Amino acid sequence: MVYVIPEWFFGYDIALNLLFGIITLIVSLYAFKVYKLSSLKQSKLFGLSFSFISISYFIQSFLTIILLSRLHVNKIISLASFTTWYNLALSLHILLFILGLVTLVYMTLNVNSKKIFSMILLLSLSTFLFTNDALHLFHFISAIVLVFIFYHYMLNLLNKKSLKNLLVTSSFGLIFISRIIFMVAVDYSIYYVIGDIIVLVAYLLILINLIIIIGKK
Amino acid sequence: MRKRERLQVIYDILKAIGDKNGKIKPTHILYKSNLSHQMMEEYLKELISGNFIQETQYNGSKSYSLTQKGFDYLNKYQVINEFIDSFGLN
């Protein structure tokens with residue numbers, strides 16, 4: 001499973017993934033702070049989900065950096081070794097990203113059942129055992145889970161129309177759209193760039209929302 | 001009850017305690033929080049177990065006081081509320 005990333009975008013891709021990791025880490029840390037203050041379970045789940053997503057971006061970035069540095073030092077690296085490292089990075093990214101999304105969708109269900117959480121997670125991950133096209137499947141499953149997450153935030157926005165709710169709802173809508181674009185990007189490299197830019201806008205909206213909230217202290 | 005309403009009730013109870021210089025009797029909480037006696041008892045239990053307040057007994061009568069966590073909740077209530085609202089944690 002390999003993306004077709006434009007050569008000129010490779011460095012930007014690593015930088016963007018690091019940025020996504022940092023933004024999601026900041027959001028997760030703040031969610032844990034709110035949990036510490038309020039003891040609200042939903043806040044802990046939200047923090048956990050963003051932690052998983054954050055780690056998924058960091059792992060992908062760092063393993064790609066290691067791979068590139070090895071390539072730079074040795075100049076020669078076997079295709080098998082390259083593919084192994086790349087697939088390891090991508091597999092860990094997929095696993096943690098799905099875990100993050102499943103935790104988030106479980107939070108939106110507002111139920112207290114480990115069975116339901118386990119079932120959603122197993123259904124989401126087990127399908128990867130039966131495919132040779134993990135990337136398409138990853139984006140497809142992410143998109144399905146994101147539909148439910150987006151629906152939750154849409155209801156939240158309709159329930160209370162405010163700029164902050166609009167920012168968060170829009171960001172999850174954009175992340176959903178990016179998943180669809182990434183599905184095309186497996187075959188057409190330019191769509192990967194467009195997808196990454198849409199994700200950047202989405203995370204920036206989430207960050208702006210957090211800054212507005214913290215700024216009111 | 002929605003989470004935000006629940007958080008509002010918790011805020012009302014803690015504020016009632018805070019307004020009485022951090023120490024209050026259950027009858028005052030009942031009056032200020034506008035809850036049934038049973039609901040108030042449940043909230044007080046939850047707040048004690050969550051370390052937001054502490055219960056003291058003197059001559060057979062109970063009183064409640066805020067812990068540091070309780071004070072922090074009161075101070076950061078607006079931020080907590082807005083975070084929970086906008087990130088759909090209710």
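Results, tabulated for the structure shown:
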{"read-out": "Violating pairs (Cα-Cα greater than 21 angstrom) within the set A:LYS41/B:LYS62; A:LYS44/B:LYS62; A:LYS36/B:LYS23; A:LYS36/B:LYS25; A:LYS44/A:LYS160; A:LYS36/A:LYS216", "value": "A:LYS41/B:LYS62; A:LYS44/B:LYS62; A:LYS36/B:LYS23; A:LYS36/B:LYS25; A:LYS44/A:LYS160"}
{"read-out": "Dipole axis of the protein assembly as shown (+1 Lys, Arg; -1 Asp, Glu on Cβ), positive-most option in A:THR64, A:LEU155, B:PHE52", "value": "B:PHE52"}
{"read-out": "Segment A:7-215, dipole about Cα centre (Lys/Arg Cβ +1, Asp/Glu Cβ -1), debye to the nearest 20", "value": "900 debye"}
{"read-out": "Relative exposure of A:LYS44, A:LYS115, A:LYS36, judged by other C-beta atoms within 10 Å (fewest first)", "value": "A:LYS115, A:LYS36, A:LYS44"}
{"read-out": "Estimated D of chain A in µm² per second, where Rh is the Kirkwood radius over Cα pairs and Stokes-Einstein applies at 25 °C, 0.890 mPa s", "value": "135 µm²/s"}
{"read-out": "Rounded tilt (10° steps) of A:79-109 against the dominant C-alpha axis of chain A", "value": "10 degrees"}
{"read-out": "C-alpha long axis of helix A:114-126 to longest principal axis of chain A, angle in °", "value": "30 degrees"}
{"read-out": "Charge dipole (segment A:7-215, unit charges on Cβ, about Cα centre) - positive-most of A:SER43, A:TRP85, A:VAL186", "value": "A:SER43"}
{"read-out": "Longest DSSP-loop-exposure-free segment, chymotrypsin sites (Phe, Trp or Tyr not before Pro), chain A, at most 16 other Cβ within 10 Å", "value": "A:4-187"}
{"read-out": "C-alpha long axis of helix A:163-185 to longest principal axis of chain A, angle in °", "value": "30 degrees"}
{"read-out": "Over chain A, relative contact order from alpha-carbon pairs under 8 Å, at least 6 apart, %", "value": "24 percent"}
{"read-out": "Structure-based [θ]222 nm, the protein assembly as shown - -39500 (n - 2.57) summed over DSSP H runs of at least 4, per residue, nearest 500", "value": "-27000 deg cm²/dmol"}
{"read-out": "Cα shape, segment B:3-86, gyration tensor, a/c 1.5 rule", "value": "prolate"}
{"read-out": "Taking A:HIS139, B:HIS37, A:HIS152 and counting other C-beta atoms within 10 Å, the order from fewest to most", "value": "B:HIS37, A:HIS152, A:HIS139"}
{"read-out": "Rounded Å value of the spacing that divides the Cα centres of segment B:27-43 and segment A:15-64", "value": "37 Å"}
{"read-out": "Neighbour-count order for B:ILE10, A:ILE213, B:ILE48, fewest beta carbons within 10 angstrom listed first", "value": "B:ILE48, A:ILE213, B:ILE10"}
{"read-out": "Unit charges on C-beta of K, R, D, E only; dipole of chain B, Debye", "value": "140 debye"}
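Each value in this text was obtained by applying a stated rule to the coordinates, not by laboratory testing. Nothing here was measured: the structure is a model prediction, and the numbers come from that model. Cβ sites come from the backbone with ideal geometry, for glycine too, and all protein chains shown count toward neighbours.
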